[in-house]
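Structure record follows, encoded as structure tokens.
The values are calculated or read from the model by the stated rules, or taken from the named source; none is laboratory data. Predicted, not measured: the structure shown is a model, and the values here were computed from it. Cβ placement follows ideal geometry from the backbone for every residue including glycine, while neighbour counts extend to all protein chains displayed. Just so you know, the surface numbers come from the protein's heavy atoms only, side chains and all, with ligands and any DNA or RNA stripped out. Shrake-Rupley method; radii C 1.70, N 1.55, O 1.52, S 1.80 Å.
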Amino acid sequence: MSAEPKSRWNPDRFDVRAFAQVGAQLIADDALARFDRLAAELPAGVSAEGRTVQWRVQGEQRPGARGAEPSIWLHVQAQVDLPLACQRCLAPVDTQLAVDRWFRFVADEDTAAAEDEDSEEDVLALEPRPSLRDLIEDELLMELPPVPMHEVCPEPLQPGAETATAAEPPEAAPRRNPFAELARLKK
Ligand SMILES: [Zn+2]
């Protein structure tokens, strides 16, 4: 069934109609760096390197009503673990974004715009052929929390908090600072 080589489907100009007609499926573990807008959400100092977006798309053709042409559907599932800047302490907070949606595809953008208003499902255009990654990225971006925040922030890094740490008795943080330890040994 999915014995076809992956190269048959071009994710950048995706032929949803042909994909749905054969009920094909694509599964990928794609570098986050390929998704510019998602990668831009990473806090300063956090690299996209080694991070991936996992996605799966499944095409499906459904019988049309009363002899109409079959309708073309695409099931899109995607997931990414994205550290976001916590809006309280600014440290990265691990956030999972996940999407699981069906889209119906129609001939062109005008039809899609007209039918989208009256449809429960999202309606998209077959032509021009969409970029799968753009579609996946659009959907994941919509899942971004408006205010990313730790449930409980880790040791805060603000100057005020450092004072609090310094005020703790030394036994509370033993051997944390090798230079302090060295200075003690030199005495
Ligand atoms: Zn925080």
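Quick notes on this structure:
- Convex hull volume per residue, computed on the Cα atoms of the range 9-125, equals 128 Å³.
- Ranking by accessible area, most exposed first, for Glu49, Glu143, Glu115, Glu155 with a 1.4 Å probe: Glu49, Glu155, Glu143, Glu115
- Descending semi-axes in whole angstrom, ellipsoid equivalent of the range 67-122, from the Cα gyration tensor: 37, 13, 8
- Amide hydrogen neighbours beyond the local backbone of Ala91, cut-off 5 Å, H modeled: Cys86
- With the simple model of a label 7 Å out from the Cα in the direction of the Cβ, Val22 to Ala107 spans 2.6 nm.
- Arg88 sits with roughly 120 Å² accessible to a 1.4 Å probe, with DNA, RNA and ligands left out of the calculation.
- Between Ala91 and Arg56, the FRET efficiency estimated from the beta carbon spacing at R0 = 41 angstrom works out to 0.85.
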